[in-house]
Each structure stands twice: as C-alpha cells, then as structure tokens.
2 protein chains.
Amino acid sequence: MNGADRLCDTLLANGIDVCFANPGTSEMHFVAALDRRAGMRCVLGLFEGVVTGAADGYARMAERPAATLLHTGPGLANGLANLHNARRARTPMVNIVGDHAAWHLPFDAPLTTDIEALARPMSHVVRRVRSPDDVAPAAAEAIAAARGTPGVATLILPADRAWGDAAEAAIPVAPEPRPVVIEESTIAAAADRLAAAGRRGGLLLGGAAARGTSLDAAGRIASRCGTRLFGEVFITRSERGGGRPALERIPYPVDLACAALEEIDVLVLVSAREPVAFFGYPGKPSRLAPPHAEIVALADAGDAVDDAMLRLAERLDAKAAPTASARGVDESMVAGPLTDQAISVIAAAHLPDEAIVVDEGLTSGRGFYALSEGGARHDYLMLTGGAIGIGIPLAVGAAIARPDRKVVALQADGSGMYTVQGLWTAARENLDILFVIYSNSAYAILRLEMQNVGVTHFDRNAERMLRLDGPPLDWVAMARGMGVEAARAETTERFADLYMAALRRPGPFLIEAIIP
Amino acid sequence: MNGADRLCDTLLANGIDVCFANPGTSEMHFVAALDRRAGMRCVLGLFEGVVTGAADGYARMAERPAATLLHTGPGLANGLANLHNARRARTPMVNIVGDHAAWHLPFDAPLTTDIEALARPMSHVVRRVRSPDDVAPAAAEAIAAARGTPGVATLILPADRAWGDAAEAAIPVAPEPRPVVIEESTIAAAADRLAAAGRRGGLLLGGAAARGTSLDAAGRIASRCGTRLFGEVFITRSERGGGRPALERIPYPVDLACAALEEIDVLVLVSAREPVAFFGYPGKPSRLAPPHAEIVALADAGDAVDDAMLRLAERLDAKAAPTASARGVDESMVAGPLTDQAISVIAAAHLPDEAIVVDEGLTSGRGFYALSEGGARHDYLMLTGGAIGIGIPLAVGAAIARPDRKVVALQADGSGMYTVQGLWTAARENLDILFVIYSNSAYAILRLEMQNVGVTHFDRNAERMLRLDGPPLDWVAMARGMGVEAARAETTERFADLYMAALRRPGPFLIEAIIP
C-alpha cells in the first residue's frame, strides 16, 4: 500500500468522504488511490477557486471538513483567495497540495515554488509530509487541526511520498477536539455587565454562535435583559427567519456601523472579535464600537461556545424563549421596474422553508438581510474575508453538504465572474441551486467608494475600470455554456415568475436579473 | 499632488503607459489618479489571472513592462499563477498591489493578509511603499528592477501612501539596465567546444536568445559548425517560420527529451538553464542531457546575450546566413474527421504572415510546433512555468502590444477554463485575436499521466476528475456570453472554412473545434 492509499484511508476513517479536486500530474498517484475508494466522493472544479470555495460551503453546512486536492504552488495560489475567506470564517478544511518528488525539487523545474510560503498566509496549519510512512500521521494531524481550532489545514504531499510504499500500520484516528470550557468568573462578569446595561448591552455573535444553541440562548437573554443581538459585518452562517432570534448585522459602511453601535456601553463577544472597519478611510475610525464601550470577550472560536452561552443565559435567569414567529415580508413595494430591492423583496418573501441562502449580492443585495428576517426559516452564508468570488463555489459546497435543501445564491455580477466556472460543477453534480445574478454591469461598490474619495465625475479610465458593460455580460449564455439552464428577467413580474418557477424545479437554474 | 498621482507620473515618465487592472476599494485613489491621465491606457480584467497573464503577453511582445493593479492580498493571490509563469519567463512587469492604510493594519480587518509573503515566491523584487514621498522613488526602483533582470517587481501601496500629500519633487527616471558583457574567455571556451563537437554540439536558446540577433547568430553557427539548435520545453518567445533558423524544441515527455539530447556532448546555454524534467517520475532522471554531456553556460538572462552570440559567431567564423525560406506545410493529411492534428496542420499552413501564435494547446497542440516551422514568419509564445490558464490572457496582452498583427491563440479547453474571463477583455478592447479551442472535453494530459502511473482502467472517481464532459462545455455560448463572436467546427472542412474566414475578419473570434 502506498502513501496515497493511506492518505485516502485516513481521510475516510476520520469521516472525510468528499474531496473537491483539481488535480495535476504530481497528484496522479493520489487520484489513482481515490479511484480505488468508491466511498470517497470526488467533485471536480474547473478552477481551484471553485474547489476551495466549495470546500468552505460544504464545511459550513456539513459541520465537518472536506478535503481539497490542489496541484502544486500555482494550483494552491489559484485557491488562496477563497482559502482566505475560509480562514476568516475558521472553516475546517484539509487541503492536500501535491508537490514534486523530493529528489526532484533541487532541480528547480518550472513548476517548483515555495508552497509553504504561499500556504501560510491563508492556513492555520501547514505541514509537509516527510515520508510515505508519515502520510497517515500527517493527515491525522491536519484533520485534528482543522477540526480543533477550527481552521484551514494544508498538507503538502510530495509525489514520492504518495507513490512510495508505506509500512502496514493502523490508520490513525484524529482525537476529537476539546473545546476550552470558559471559566465561571468570565461568565459571571459578562452576565453582570449585560444585566446592568439593558438595551445598552450587546452580544456580538460570530462563527457558530450565530446559530443553534448559542443563538437560542442569545434570544432568551435579549428577552430577559433587553440585550441587543448583533451579527458580524460578514456572517459565516446564521440561522434566520421563522421566528428565530434576529441579529442586527453590523453595517459595512463605517458611518452606519458606528451609528448602529453608538448606544452600546457593553459589547460581549461570542466567537467574534471586536468589530473593525473593513477599510481604513481618511478621518474615519478603525474601531466601530464607541470609545466609551466596554468590550468583553466571552468565548472565542474553539472554546465551548454553546456551553458558555447556556451558562450565561442561566446566570441571567433567561429562561423564556421569545415567542416570535415568521411575520412575513411586505411585498407591496415590488411593483414597477426591476430593481435590486424588488429582487430582494421577492427572494425574501418566497424563500422556501429551510433554504440555504448564499449572499454575495454586495451592493445589490443590501436589502435582503433585513427583509428576510421576517421570512421562512433559512441558513444564511456570506463571504467572510472580503475576497470576492466565493458565492458560486460556496453554493456548490453547501448544496453538496445538504442535498435535501434548496440553495438560493444571490450573486453580484462582478464578483460572480471571478469563479464563474463553478456553474459547471453545479451542472455536473446536478445541484439544487437557484442562482440569482444581480446584473448591474458595474463594480457598483467601487463606484460608491470612488464617490467616498470625492470623485463624482468619471473619465475614461475610471469608467473602463468600474463598468462591466461594453460588451454586456450575457449570463444566460454563459450559464448555458456550462450546462446550467437559465433565463433573463428585465421586469419585476418576469423575475417573480421565474423565481417561483425555479424554486419548484429541482437542479441548478440561473436567473439573470437586469437592474439599473 | 498625492502619492497616487506621483505613481502614475513615474510610470508614464518611464514609458509604462498600459495598466492591466482589477481594482478594489484600497486602490480608489490610484484609480482616481489614473483617471486624470489620459496617456495611461487602463485595461480591465474581470479576474486577476487575466490581468497578470495579459501583462506577461504585453511585455513579451512590447519588450517593455506594463503595470498591473491588484487589490490587496487576495487580488494578488488570484494573479499569482500567471505571475509564476512570468517569473519563469523573466518577463518585466510592475505590479501595484494596494493594501490597507498603515494605521488600519494592526486591527487585522477581514481583508488583511501578509502581502509580502504572498508576493515573494512569484516576484523577483518586492517593495512596500513607506510614505507618500516614497511612492515615486519606490516605483522607479521597481521599474529598474523589472527592466534590469528582467523580472517581476511587486510594489505594495498602502492606501494612506496613495492618498497622502507628497512633496513636489522631480519624477525619477529609472536607470537603463546595464547587461553584463560576457568575458572573452567564456566566449572562447564555448566556441572551442562547439567547433570540436560539430553535430554533437548544441545551443539551447532561451528567453530573448530565441529571437532577433541571437537567433540569427545561432543560425549562422549551425550552418558553419553543424551545431544543433534547441528551444526550451516551454518557449517564452521565439521568432519562427519564413526561413528563420529552426529550434528543436526539447520534448515535454522525459523519455523523448532524453532521446532528443542523447547524441549531444556539449550543450551551450544561452539565456537558458540546464534542461530538467518537468516532473520527477519513479525511475526516471531529473536531468535531461546525458550524463556525459558537458554543460557550458554562455550567457544568462540579464547578460548582454545578443553581444555574446555575435561574438561567438564571429569566433567561429560563422558569417553566412542560412538561405532557407519558408518551405510550406504539407496539407495532404487533413482529409477526414476533425482531429487535433488536422487543426494544427490547417492552423500552421494558413498562418498569416507576422502572426503572433500563443500556444496553450498542450496535448492537443503537440503537432503544431513542428508543422509551423515551415510556415509563415511568426512569433511563438507558450506558457513558461507550467501554471495552466495563461493562453487567453497572454493573447490579450500580446494583441494590445501589437495591434498591427493577428494573434492566433491555440487553446486547450481545460486550461482555457481557468481564465475564460479573458474573452471579455478581448471583446471590450476589440482585440485582433483568433481563439482556437481544442475541445476534447478532458484533461487529456492527465489521462496520459495516469497511464504513466500504470492506471489503464479508470473508475468513477478518476473519470470524474479527468473528464470535462457531462455536461460538455459549450465554448460558443460562453464566448458569446462575453461578447466574442464564435462558431463550432465538427469537421475538418468546416474548421478550415471558419479558420480562413476568421483570419480575414478583424477583431476577436473563437472557433470551438470538437475533437476526439
């Protein structure tokens, strides 16, 4: 049995049975080993950004890591932007990056790169396999690291360690993660602050705290104490709608974010960090909470977050669950020409129960979050690190993790183009995804940022860098070119018809929504 | 005047007037400054791999660097694979990578990354701008470095250094590169070896030695001494056809490469390194030249290569230019069903004079190189670092550098998908490029490599990772979706008709050639 075989067995023995892949020559033995294991599902991405983004979406919904298979340094490089998002989301992930045989590296063949250097900025753990016998232990270490933090673990697999014979030995099983249980004094301190602060107290729920047990506990605390509940600017995954406790998302624009937090005296961080501005601007602050606010770290990712939140609720005697139910979405505003807001209203109002929403709508999707709070119960996923081009892959991965649920991907056109190849994977795997493209033919967010910089008149160079028309992108043609059925909506009525019809239809479908 | 203005002025003052760009928020002041300078041509790529690959193609044909504009670490990461190719080609390039304002970095906002760490593996020089006053000197240093080695220079521009006021000062002009003049003893030694070796002597011409003065000198030496002339496995840019001295390209497969070099006793390297296997394989050598061969380094990139070759020819008394002329391409084999070889024959036989050929045909294009040697005079560009996905961007950049010449891009389908977004830039800039897609719906090269590994029967996982059908990619639809006119050829006759018609038609056109 060679190293590659033992790698596959270690992945499978540890519950990793999906591998998002874009292989190359140095990974052929690994491909052959995967081919001998029908229990492993290999999902091809036609570009590595699709591979890593899909692994992120998979893990966010499956709550366990997938593997990725990437080809040497350039293959890893192509996947780095979405690894960056995964790192910021603390998504568990095990990347297998092939490399040259060790004895071939000194010859500096054309594909030779410093893979460690490339991997480290976007990985929590990087480890190079040292021998065929080291493959299984190294993989188990990577799996443990991915699950434990959680985080992004990258394993570099030189070809000779994949093809070399490994001694027979038990396949290692990675230890279960042991989350750190928060000290009672920390819980008590947070409880005291929140009890005293009332409406001037806030819980900022990030990572896994924005769903499940933690979210429920937060809802009870809010009912009991008046505590305001906040979600991060970019939400990893939150359970929303259907009467779930609502999180106020901290707005992206600095001024709005500061305004949202200005009446907060105590902000308790739960699997979240102190909120900061996405970019620094002349004369604007980096920290979003007001200077007088006390920032209290309750529990971080990797801590026993749910346990901490349960104990916090108990200390606050917050027993009664809020009785809210889905209050519906007001559709009265959707008459007239198709706009981003009309799309958001329709999408929110008719969201299927238990949908998974992937929102990379950026400026066009800004209305959706508030609207959908009153809609059906759903999971809500965003890009987390600001590296655009995650929406389509994230939807692909989420759909593979949860084939029982509809995925609605709200996608800005400019960022959608970054990883447009993911549409093909959706078609090949026949994934139940409805892609909605907000087609405004512009990097609209950058047009706003230019205005923030004081530029209101654009000359040729700015127009050419910030507009995507001339020629317009035809998303229907592109989607069909990759095997995804698609249609175009230029009116509100047409969009509503297509959206409702697409929701009833299984498999991938794309609506190109033409908006101003 | 702010730092961004001074950056633009420094680029322009040093002859850099094309900027391939995909900007983001942290580069808005730079975009505004570019917008104030009509002399700068800004070319938008909808993905950063397009941006860096286009800058490579531009510089290879313009023989001077372009600038790129990339958005923070993830934007750079998306461009790294093609920067890797550029680094291997030693292409002069000045990358401007925006970063957060320095005072915002400690807050570790979501987009914060270690840009230096990401840049170094694929850059020859990395430099962070230290202040608004440092922008112009730093840019001049980067330009000098790009031109001098030549190579890839990456300049990190924190937003506050772009928007900050800079003192009035003269715009610096980078010194001209000073190539190292090769010692006469080195020339003499190489001449002695080649004179003695006759047909068992070889010149390996890489980089700029595969064209112009060096290539001519090599042709005279071959006539005089019988010296064999080799090109690298992956050719940066070579002038070919129309009776130019022909280079035997060292084959990609290790066995064929060793066979090609087995009768060589002396191999003189000119702007090239000793040839090594692209990958290491069990039981196969890393070095391609036979163990008995003497390897003689005459001149490296950055040396006065043309001067060295002229002096080498003079020492060998190699005065008579070979009198070869284009001998034509035998088209007799093209009857019957459409195959990769039929495409190569037709493409080579009807190549327009002074075409620029960008060849990322990989396995499908393997016949073209030998066939086109007898065809019209052309420049021939390949991917140089093995990071696939450079073909479409390289064609875009070459077409911008030389709008007077037809670009013929021979493109494998799998690698074409990596940077398919480049088609849109070809449409927007109305570039005179004929894209020929070898559509075999497979990573055919990897199917061969699997067989090299001893796997002849593919089960589901291997099939799913190595085949691109199910669904098939519809390149005509994708191209039209990005504004490029396109047509499909399923027979040899249809391909020939389309190819000839497309050559007569200015502007971008894509032929999807369906082959087994």
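The values are calculated or read from the model by the stated rules, or taken from the named source; none is laboratory data. It should be emphasised that the depicted structure is a prediction, and the values quoted were computed from it without experimental measurement. Here Cβ is always computed from backbone atoms with ideal geometry, including for glycine, and neighbour counts include all displayed protein chains. SASA here: full protein model, heavy atoms, side chains in, ligands and nucleic acids out. Shrake-Rupley method; radii C 1.70, N 1.55, O 1.52, S 1.80 Å.
Amide H to amide H distances under 5 Å link residue A:358 with A:381, A:408, A:409, A:410, where only residues 5 or more positions off or on other chains count and H is placed in the peptide plane. In order along region A:42-55, the phi-based Karplus estimate (6.51 cos²θ - 1.76 cosθ + 1.60, θ = phi - 60°) of 3J(HN,Hα) comes to 9, 10, 7, x, 7, 7, 5, x, 5, 4, 6, x, 5, 4 Hz; Gly and Pro are listed as x. For region A:332-514, the extents of the C-alpha atoms along the principal axes are 49, 37, 31 Å, listed from largest to smallest.
Nearest 0.05, what FRET efficiency do residue A:353 and residue B:196 give at R0 = 60 Å with Cβ-Cβ as r? So the FRET efficiency works out to roughly 0.10.
What is the distance in Å between the Cα centroid of region A:53-71 and that of region A:489-516? First find each Cα centre; the distance between them is then 28 Å.
Using the Cβ-Cβ distance between residue B:460 and residue A:103 with R0 = 45 Å, the FRET efficiency computed as 1/(1 + (r/R0)^6) comes to roughly 0.85. Between copies, the label points at residue B:12 (set 7 angstrom from Cα along Cα-to-Cβ) are spaced 6.4 nm, reported in nanometres from shortest to longest. The mean sequence separation of alpha-carbon pairs under 8 Å and at least six residues apart, normalised by the residue count of region A:332-514, gives a relative contact order of 24 percent.
Applying a DSSP loop filter and a limit of 10 other Cβ atoms within 10 Å to the GluC sites (Glu not before Pro) in region A:134-184 leaves A:168, A:183. Counting only other chain Cβ atoms within 10 Å of each residue's Cβ, the peptide A:462-474 averages 6. Label separation (residue A:320 vs residue B:430): 7.1 nm, computed from points 7 Å beyond Cα along the C-beta direction. Using 0.36 nm per residue and subtracting the Cα-Cα separation, the extra length available between residue B:297 and residue B:493 on full extension is 65.8 nm. I'd like the distance separating the alpha-carbon centroids of region A:181-246 and region A:276-311, in whole Å. Using only Cα atoms to place each centre, the spacing works out to 12 Å. Kirkwood analysis of the Cα pair distances in region B:3-163 returns a hydrodynamic radius of 14.9 Å.
Please compute the alpha carbon radius of gyration of region B:184-315, then divide it by the globular-protein estimate 2.2 N^0.38 Å. Two decimals is fine.
Output field value: 0.98.
Just to be sure I follow the definition: excluding the sites themselves, where is the longest run in chain B that has none of the trypsin sites (Lys or Arg not before Pro) in a DSSP loop with at most 11 other Cβ atoms within 10 Å? Result, exposed sites excluded: B:1-318. Rolling a 1.4 Å probe over the protein heavy atoms gives the protein assembly as shown an accessible area of 32 Å² per residue.
Think of it as helices only: each DSSP H run of n ≥ 4 in chain A is worth -39500 (n - 2.57), and spread over all residues that comes to -11000 deg cm²/dmol at 222 nm. Proximity of backbone amide H atoms, modeled 1.01 Å from N, is registered between residue A:229 and A:203, A:248 at under 5 Å, excluding neighbours fewer than 5 places apart on the same chain. Hey, any idea what % of chain A's accessible area is carbon plus sulfur with a 1.4 Å probe? C and S atoms contribute 51 percent here. Computed FRET efficiency, Cβ-Cβ of residue B:183 and residue A:130, R0 56 Å: what is it to the nearest 0.05? Here the calculated transfer efficiency is 0.80. Placing +1 on each Lys and Arg Cβ and -1 on each Asp and Glu Cβ, with no other charges, gives region B:1-159 a dipole about its Cα centre of roughly 500 debye.
Label-point spacing at residue B:256 relative to the other copies reads 5.8 nm, in ascending order, each point sitting 7 Å out from Cα along Cα→Cβ. The phi-based Karplus calculation (6.51 cos²θ - 1.76 cosθ + 1.60; θ = phi - 60°) puts the 3J(HN,Hα) values of region A:163-174 at 8, x, 5, 10, 5, 5, 7, 4, 6, x, 10, 5 Hz, whole numbers, x for Gly and Pro.
Given the protein assembly as shown, report the % of alpha carbon pairs whose separation exceeds 54 Å. In whole percent, the share of Cα-Cα pairs in the protein assembly as shown beyond 54 Å is 16. Shown for residue A:494: label points 7 Å from Cα along the beta-carbon vector, and their distances to the equivalent points in the other copies, 3.0 nm in ascending order.
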